[in-house]
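Engineer: Please see the structure below; I have some questions.
The values are calculated or read from the model by the stated rules, or taken from the named source; none is laboratory data. Given the structure is predicted, the values throughout are model-derived calculations rather than measurements. Here the Cβ positions follow ideal geometry from the backbone for every residue, glycine too, while neighbour counts run over all protein chains shown.
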């Protein structure tokens with residue numbers, strides 16, 4: 001059984017990969033009231049709908065996720081569990097409080113997180129997984145979207161899912177990194193949410209593995225490789 005703190009970290013990691021959202025400005029500002037779980041007959045979980053509000057953007061961005069077969073790495077199941085386990089500590093929080101919480105293990109101090117806090121947590125997860133600390137939290141967006149295309153999804157469908165404009169080349173210019181040789185902003189994933197319970201951030205090279213959390217069936221397992229050629233270059237795109 002994961003602690004509430006570890007469950008929050010697991011949910012953050014899985015949602016970063018599955019939504020391809022910006023850790024800081026999207027997930028870091030995501031409000032609890034803007035997360036909707038949809039159920040079907042017999043209370044079966046159908047989907048999770050996330051609405052991202054942006055002060056400088058006129059439209060709310062929406063991402064819908066469906067549950068996957070492997071519940072140990074299912075973002076929707078993790079989110080459902082996290083919501084259920086934090087219901088009681090949200091009672092005294094304002095209506096616009098964030099989905100993810102600071103001081104989650106101290107009920108008297110629990111509060112909304114700052115966007116920068118979530119970005120730092122994502123960096124910590126990446127560092128625990130063995131990713132070079134020079135990579136920013138934002139790099140995970142490039143890694144997951146690139147792998148989605150590599151696994152057979154069209155660029156247009158990935159752009160639509162992650163709310164990139166279909167009429168611009170932002171994704172192709174700054175995020176899509178199809179080979180290790182061309183990668184300038186991120187490690188390329190070997191696999192995302194694979195049947196083997198692995199979430200991978202890496203390239204073909206010597207691998208290392210680390211487990212985040214406790215019992216093995218209740219964790220995110222990261223298997224990583226290092227890009228050849230030394231230290232990564234700085235990200236070209238900043239949120």
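Engineer: Would you mind telling me which numbered condition in (1) touching a residue at least 40 places away in the same chain (Cβ under 8 Å); (2) in the same structural domain as residue 33 (by TED's automatic domain parsing); (3) farther than 28 Å from residue 45 by Cβ residue 105 fails?
Structural biologist: If we test residue 105 against (1) touching a residue at least 40 places away in the same chain (Cβ under 8 Å); (2) in the same structural domain as residue 33 (by TED's automatic domain parsing); (3) farther than 28 Å from residue 45 by Cβ, just (3) comes out false.
Engineer: Kindly check whether there is at least one residue in the range 49-68 that is over 23 Å from residue 164 (Cβ atoms) and either in the same structural domain as residue 17 (by TED's automatic domain parsing) or modelled with pLDDT of 95 or more (or both). Can you show your working first?
Structural biologist: Pass one, the range 49-68, residues over 23 Å from residue 164 (Cβ atoms): 67.
The next check asks that each one be either in the same structural domain as residue 17 (by TED's automatic domain parsing) or modelled with pLDDT of 95 or more (or both); those that pass are 67.
Yes.
Engineer: Within the range 31-44, does at least one residue satisfy the condition of being within 19 Å of residue 104 (Cα to Cα), outside the structural domain of residue 148 (by TED's automatic domain parsing), within 12 Å of the chain's Cα centre (by Cα) and touching a residue at least 12 places away in the same chain (Cβ under 8 Å)?
Structural biologist: no
Engineer: If you scan the range 90-116, which residues turn out to be surrounded by 14 or more Cβ atoms within 10 Å (Cβ to Cβ) and within 22 Å of residue 63 (Cα to Cα)?
Structural biologist: 97, 98, 99, 100, 101, 112, 113, 114, 115
Engineer: Tally up the residues in the range 109-143 that are in contact with a strand residue (DSSP E or B) (Cβ under 7 Å, 6 or more places away or on another chain) and either in a loop (DSSP other than H, G, I, E, B) or modelled with pLDDT of 90 or more (or both), please.
Structural biologist: 8
Engineer: Just one of the numbered conditions (1) in contact with a strand residue (DSSP E or B) (Cβ under 6 Å, 6 or more places away or on another chain); (2) over 16 Å from residue 141 (Cα atoms) is not true of residue 52; which one?
Structural biologist: Condition (2) is where residue 52 drops out.
Engineer: Which residues, counting only those in the range 73-89, are crowded, with 16+ Cβ neighbours inside 10 Å and part of a helix (DSSP H, G or I)? Outline the logic, then answer.
Structural biologist: Let us first name the residues in the range 73-89 that are crowded, with 16+ Cβ neighbours inside 10 Å, namely 73-83, 86, 89.
The answer is 73, 75, 76, 77, 78, 79, 80, 81, 82, 83, 86, 89.
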